[in-house]
1. Can you name the residue in segment A:181-191 that is within 26 Å of residue A:224 (Cα to Cα) and without any contact (Cβ under 8 Å) to a residue 12 or more places away in the chain and is also surrounded by the most Cβ atoms within 10 Å (Cβ to Cβ) among such residues?
2. State which residue is farthest from residue B:131 (Cα to Cα) when the search covers only segment B:87-108 and only residues that are surrounded by 11 or more Cβ atoms within 10 Å (Cβ to Cβ), within 14 Å of chain A (Cβ to nearest Cβ) and without any contact (Cβ under 8 Å) to a residue 12 or more places away in the chain.
3. Confirm whether residue A:81 is touching a residue at least 12 places away in the same chain (Cβ under 8 Å), under 20 Å from residue A:307 (Cβ atoms) and in the same structural domain as residue A:174 (by TED's automatic domain parsing).
4. For segment A:281-318, which residues satisfy the criterion of being in a helix (DSSP H, G or I) and either buried (at least 22 other Cβ atoms within 10 Å of the Cβ) or under 18 Å from the mean Cα position of the chain (by Cα) (or both)?
5. Out of the residues in segment B:36-66 that are surrounded by 23 or more Cβ atoms within 10 Å (Cβ to Cβ) and outside any helix (DSSP H, G or I), state the one that is nearest to the other protein chains (Cβ to nearest Cβ).
6. Report the residue count in segment A:374-388 for those that are in a loop (DSSP other than H, G, I, E, B) and either over 21 Å from residue A:46 (Cα atoms) or touching a residue at least 40 places away in the same chain (Cβ under 8 Å) (or both).
7. Give segment B:67-90 a look and list any residue that's part of a helix (DSSP H, G or I) and under 21 Å from residue B:140 (Cβ atoms), or say none.
8. Considering each residue of segment B:119-147, count those that are farther than 18 Å from residue B:67 by Cβ, surrounded by fewer than 16 Cβ atoms within 10 Å (Cβ to Cβ) and either touching a strand residue (DSSP E or B) at 6+ places or on another chain (Cβ under 8 Å) or free of Cβ contacts under 8 Å to residues at least 60 places away in the same chain (or both), and give that number.
């Protein structure tokens, strides 16, 4: 696999990067090395979780999300905000006001994703009922979790639910409806997710389960935040609340960990959030240690999407805001369950093509050679100090030993400050 | 030891140690991942090894888990010192278990351990001597991609 063809949503800015070890240490898949005083990301190992972006003390990691001005490339501009957006402006401002503000910024249509989230909850239940495949079924909502499974837990790919996440379903539906209503070709409509998550760019530009994503881009909440704030400040807050009946409490819940399983009636479902806890539970699933669980929701960000790297509001406050909105809009179904079941029948939620495992390259393609290298790695590791300082440019001694046996260019054991000259 | 073995490893298992139970099978899983064993095969090995390990943890005093890799197959051998199994045929029946109520409360002892190991193996041998211990041999064939 050539590195250049793997697309990623984050980029290191070499002008700003000074080659400290902070991102390298934080990376959960050990994808970062420091070479010649710059952070270098191994494209195969990176899962776009955004941890490096969160921790960089020099603002040297840039998420490659869509610029707001890019919406002008399309005749009809549509915003599809993640329910997380509703949690970003304090607990008093209601979803409608935020949707209106987006419209004022220049979107022709603004669509509430939460309603589709609620539909997805019904569809997931239907899926669980109809598919007697091995359990637990794992959610496909978080694109980082999907990539993590493909890379680190390839044997669990078969457990991922074969259903598109709400953002894709919503965009697919919208494009058809708007095209029909406005009598314009589908490709003149630009649909943009307003997102807390850089990884959405990967699922849009390099979708795993379809030819082409239904979305045209993802705009970072951080980027559009100030513009929304300005509109919110100016507006007179009296003639609002006209479309509130359309907003779904169950759907809004998808912004936080546990939201997806709150919408389904299965008792035996579990929600996990945060990258390390997700890796831990997937490890346990892989060992067959997790039994009697029907559905597993894993979200890579702490507390779910409200903990996304591209959010502004403190995630604990954001969580409180979301819980408040859930209470306000109620937990009863706003959608027609039979209608969702009909859509399900027509494969409306299904993947276009199946998802494949993409494991990390083994130590060697030849098994015997790989075993020799494994042994060599163990021998090297025994001689290293084991304090994982990172000065050699690898996150820990084990990664350094592995880089050595993989034959990393210009790398010798002398790079270790404790063993070197 | 198998002559054509290209890898063999041994891990100790302590009976009654639920805290570390599952560690040996996890190490085996990680080794196989590093050398690039196919995902589906890996999953079968992981599950079979975990169930076998937990049987030792639950019932035996101690045991050894051996991983042997040959160009054509993965062999997991588990040898324990423990009570042994009175009636292997009965023990192989799904749902049959001698687990105590306490173990069941912890989610163990559903009587699916041995059947699950068998289901995930291409060949499964079990020998047991009451009062002495139990030996398992789990063989999982590698597919052509892995040879």
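1. Ranking the candidates gives A:186 first.
2. Filtering segment B:87-108 for residues that are surrounded by 11 or more Cβ atoms within 10 Å (Cβ to Cβ), within 14 Å of chain A (Cβ to nearest Cβ) and without any contact (Cβ under 8 Å) to a residue 12 or more places away in the chain, the one farthest from residue B:131 (Cα to Cα) comes out as B:107.
3. Answer is yes for this residue.
4. Once the filter is applied, which keeps residues that are in a helix (DSSP H, G or I) and either buried (at least 22 other Cβ atoms within 10 Å of the Cβ) or under 18 Å from the mean Cα position of the chain (by Cα) (or both), segment A:281-318 yields A:281, A:282, A:285, A:286, A:305, A:306, A:307, A:315, A:318.
5. Here the answer is B:37.
6. Residues that pass the stated criteria total 4.
7. Within segment B:67-90, B:88 is the sole residue that qualifies.
8. Number of matching residues: 7.
The values are calculated or read from the model by the stated rules, or taken from the named source; none is laboratory data. If you're wondering where the values come from, they're calculated on a predicted model, not measured in any experiment. Reconstructed Cβ throughout: ideal geometry from the backbone, glycine too, with neighbour counts over all protein chains shown.
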